[in-house]
Amino acid sequence: MSSLGQTICRLCLKPARLMNSHIFPEFVFRPLYDSKHRFRSASLDEAEWEWKQKGYREPMLCADCEGQFSRYEKYACERFFRKPLPTPVSRGRSKVFELGQFDYKLMKLFLLSLLWRAGVTSHDYCKHVELGKHAEHLRQMLSAESPGRPEDYACFVCTVKLDSEVFDLFVEPTPCRVSGHKTYRFVFSGFMFFFFVSSHQLPPAFRSCALQADGNFRILDSELAEHPFLRDVFNRAKDAFGSKEWN
């Protein structure tokens, strides 16, 4: 990874030679690449789906801060994204995956780094993420490597499945409301992540599903068809790709 000149690191705020930092971890894109190392990408405001040669990057972090985020990404990739999900268990009318034994600090800082990077990048793909005062609060938490409490910028996660199989789809981050709370919705690697950016107390159901200080994490088992937003994206993708390429 090459350096791109002297300026200010957005995380530590020190003068530095900035790296061409990933806005989203590279492992998010690897399963999406075709034989020519391309993947399909679209803005929800546009009709055309475009080919991209690599994941989204921007001069953002110094080498030290880049290394810090790389530690979080390596941990999350190995302990969350590359591990098979266990058998789901019933919780009321829902089924959830009971995950445990996470390092709370590393996993929570990984999640916070996703939200913060999407909020501070100037890349058009994250134009819908407007964190306002929360951007500085998140920066301070990340700079100090302080993950905060489970309810601080809690992240609720559900699977994205198509006919009971995990379906890998990458969608630009978008705002939405969940139980009256402002959230940002990220979709990648077969999951949908809802980040709560709200000063109001979360409902118990969402608090219990957020990553807990003891390392436990509940993931809701859900199908793509259960989410109108994803159904629309899926149908647009089918129209753009054509049935032969999509299948």
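The values are calculated or read from the model by the stated rules, or taken from the named source; none is laboratory data. Here the structure is a predicted model, which means the values were calculated and not measured. Quick reminder, even Gly has a Cβ in these numbers, built from the backbone with ideal geometry, and neighbours come from all protein chains shown. The area values use the complete protein model at the heavy-atom level, side chains included, leaving out ligands, DNA and RNA. Shrake-Rupley method; radii C 1.70, N 1.55, O 1.52, S 1.80 Å.
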Most positive-pole-ward Cα, Leu138, Phe186, Ile219, against dipole of the stretch 108-233 from beta carbon charges: Leu138
Leaving ligands and nucleic acids out of the surface, order Asp232, Asp152, Asp64 by accessible area at 1.4 Å, largest first. Asp64, Asp232, Asp152
Show me the GluC sites (Glu not before Pro) within the stretch 145-247 that DSSP assigns to loop and that have at most 13 other Cβ atoms within 10 Å of their Cβ. Glu145, Glu151
Taking only the Cα atoms of the stretch 126-197, how large is their convex hull per residue, in Å³? 112 Å³
In order through the stretch 230-235: 3J(HN,Hα) via Karplus (6.51 cos²θ - 1.76 cosθ + 1.60), integer Hz, x for Gly, Pro: 6, 4, 5, 4, 4, 5
Would you mind giving the three semi-axes, in whole Å and largest first, of the ellipsoid equivalent to the stretch 72-208 according to its Cα gyration tensor? 23, 17, 17
Using the Karplus curve 6.51 cos²θ - 1.76 cosθ + 1.60 with θ = phi - 60°, what ³J(HN,Hα) values do you get for each residue of the stretch 168-185, in whole Hz, with x for Gly and Pro? 8, 9, 10, 10, 4, x, 9, x, 7, 10, 10, 6, x, 9, 6, 9, 10, 10
Relative contact order (%) - the stretch 142-247, alpha-carbon pairs under 8 angstrom, separation at least six: 29 percent
